[in-house]
1. Residue by residue through the stretch 70-125, note down the ones that are of a type in the set (Phe, Trp, Tyr) and in a helix (DSSP H, G or I).
2. Hey, could you check the stretch 65-105 for residues that are surrounded by fewer than 10 Cβ atoms within 10 Å (Cβ to Cβ) and of a type in the set (Ser, Thr, Tyr) and say which is nearest to Ile23 (Cα to Cα)?
3. Which of the residues spanning the stretch 128-146 are at pLDDT 75 or above and either touching a strand residue (DSSP E or B) at 6+ places or on another chain (Cβ under 6 Å) or assigned to a loop (DSSP other than H, G, I, E, B) (or both)?
Amino acid sequence: MTNNHNINAKGFFRKYFLVIIFIIILLLQDFFLKPFVKDLYLNDDIKNFKEFSWKYTVFIFTILSGIIIFISRKSITLSAVPLILLGLMIFGSGFYFGLHSLVDNALLLINSKTKNTEINKTYEVIHDKEKKVFWLNNENSIHDKEDLQKINHYRVSKGLKSIFDLQNNDTIKVTFNKGWFDVNYLEK
């Protein structure tokens, strides 16, 4: 009876191997990549990266499509080409919309592991307690609460004064790193 059970388990894993791999990849995306990226990058930097990162997703899809066509080239007939093109378009759309976020986060992970340059930015503190306003002013102001918390956490972990203890018109320096994809991130 146990031998029959082992055969069923092997058959199950063979049948659903790709589905299991896909689920594992999505779980890694949601529980590892997304939180990792959210901790290191400011929201504006992520948005700016996502404006042009579609090129990388399309490039990866093109490579995968080429590999699939190369592997199955012997069994392709001329009459099957329109059906294959339709299949590739459907696969490409699903790949783009389903895995674009995963590709972005994986590339941002790679970016954070490949430090090219260090950038120091100076910000002026704008703090009005009566209006409950707090932001860091520069040519690119930082006023997003999450981003302010990230910068504050970064400074406190380095033994520096909390940004929320600073007064109006004080200046602070924030050090960002840039990786291969030219995206700023805070070092942990």
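The values are calculated or read from the model by the stated rules, or taken from the named source; none is laboratory data. Fair warning: this is a prediction, and the values are worked out from it, not measured in the lab. We place every Cβ from the backbone using ideal geometry, glycine too, and count neighbours over all the protein chains shown.
1. Phe70, Phe91, Phe95, Tyr96, Phe97
2. Ranking the qualifying residues of the stretch 65-105, first place goes to Ser75.
3. If the condition is that a residue be at pLDDT 75 or above and either touching a strand residue (DSSP E or B) at 6+ places or on another chain (Cβ under 6 Å) or assigned to a loop (DSSP other than H, G, I, E, B) (or both), then Ser141, Ile142, His143, Asp144 are the ones that fit.
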